[in-house]
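So the structure is just underneath, and the comments pick up after that.
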Amino acid sequence: MENFSIDKITGYALEYGIPLLKAILIYIIGAFIIKKLVNVTSKMMDKKGYEPTLKKVLVNLIKWTLTVLLIVTVAGTLGIETASFAAILAAAGLAIGLALQGSLSNFAGGVLILIFKPFKVGDLIEAQGEIGVVKEIDILVTKLITPQNKLAIIPNGPMANGNVVNYTAEGKMRVDTVVGIGYDEDMKQAKDALLAMLESNPKVLKDPAPSVNVAELADSSVNLAVRPYCKPEDYWDVFFWTVENTKLVLDRENIEIPYPHGVEIQKEG
C-alpha cells in the first residue's frame, strides 16, 4: 500500500509537476523578454521623436499583445485546449470592436494624426467648423481653444478624415479686411494713407508686404481690400487694429466712408 502511494505520487509529480515547472519557466523567461522588448521599443520611439501619447498607446498595445500570447503559450504547456481559448478571445474582441466602433474610428484617427502630424500643439487650425489653437492631442480627441476662449473637443475620426486648415504651418497669415470709399474721393490718397498705416504697425510683416488694392466697384462705394500679413499668434490683434485704424485714418484724411441712407416715402394726400 505504501509503495503504491509513493508510486502514485511520483506518477502525479511526473505527469503534472514537469509541465507546471515548464509553464512557470516559460512565463518567467517570456515576461523577461517582453519587458526587454518593450524597453527597446520605447527607446527607439524616443529616438525617432514619437509623440508621447502615441508612444504610450503603442507601447501598451505591444506589451498586452505579447502578454496575451505568453498566457496562451503557458496554458498550452499546461495541457489546456488553446483553440477554444483563442476562439473566446476572438469572440470577445469582435464584441468589443462592435460596441466601440466609433471609438475605434477615433483611435485610428488619433494614431494617424500623431504619426503624420498635420498639426501640433500650439498651432492655429480650422477643422470641423471650429477654429482655434490646439491645446491637446489625445488618442481619441483633439482639444482646441477658440477665439472666444471656449474649449472645443473634436473626435479624431472626423478630424483625420476631414479638411484641416493649418494657419500656423507657414508661419504667417493674411488679414483680410474691406473698406468702401465714396466715388468722389481721391482713391490714390486713400490707398497711400492706408498703406502707410499698415507699415507703421510692428506686428505687420514686411515680407510679404502689406497691400491695399481696389477689390470692387460697388453700387455706392469703391471697395478697397486692406491686407496686412502677420504671425498667426498676432492675427486677432492685427485684425481689430486694422479695422479700427482704417476708420480713424480715413476720417483724418477727410475721406468719406459711404453708409446706407434711408429713403423717406411721402404719401400723397
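Condition first: of a type in the set (Asp, Glu) and in contact with a strand residue (DSSP E or B) (Cβ under 6 Å, 6 or more places away or on another chain). Can you find one or more residues in the range 195-211 that meet it? Looking for residues that are of a type in the set (Asp, Glu) and in contact with a strand residue (DSSP E or B) (Cβ under 6 Å, 6 or more places away or on another chain), one finds none in the range 195-211, hence no. Residues in the range 204-219 that are surrounded by 12 or more Cβ atoms within 10 Å (Cβ to Cβ) and assigned to a loop (DSSP other than H, G, I, E, B) were compared, and the one that is modelled with the lowest pLDDT is Ala218. Would you mind stating whether Val111 is hydrophobic (A, V, I, L, M, F, W, C), outside the structural domain of Trp236 (by TED's automatic domain parsing) and either without any contact (Cβ under 8 Å) to a residue 24 or more places away in the chain or in a loop (DSSP other than H, G, I, E, B) (or both)? In short, no. Pairs meeting the criteria (first residue in the range 239-254 and in contact (Cβ under 8 Å) with a residue 12 or more places away in the chain and within 14 Å of Gly182 (Cα to Cα), second residue loosely packed, with under 13 Cβ neighbours inside 10 Å and basic (Lys, Arg), beta carbons under 8 Å, at least 6 apart or on different chains) are lacking. Would you pick out the residues in the range 167-198 that are surrounded by 13 or more Cβ atoms within 10 Å (Cβ to Cβ) and part of a helix (DSSP H, G or I)? Those that are surrounded by 13 or more Cβ atoms within 10 Å (Cβ to Cβ) and part of a helix (DSSP H, G or I): Met187, Gln189, Ala190, Lys191, Asp192, Ala193, Leu194, Leu195, Met197, Leu198.
The values are calculated or read from the model by the stated rules, or taken from the named source; none is laboratory data. None of the values given here were measured: they were computed from a predicted structure. Quick reminder, even Gly has a Cβ in these numbers, built from the backbone with ideal geometry, and neighbours come from all protein chains shown.
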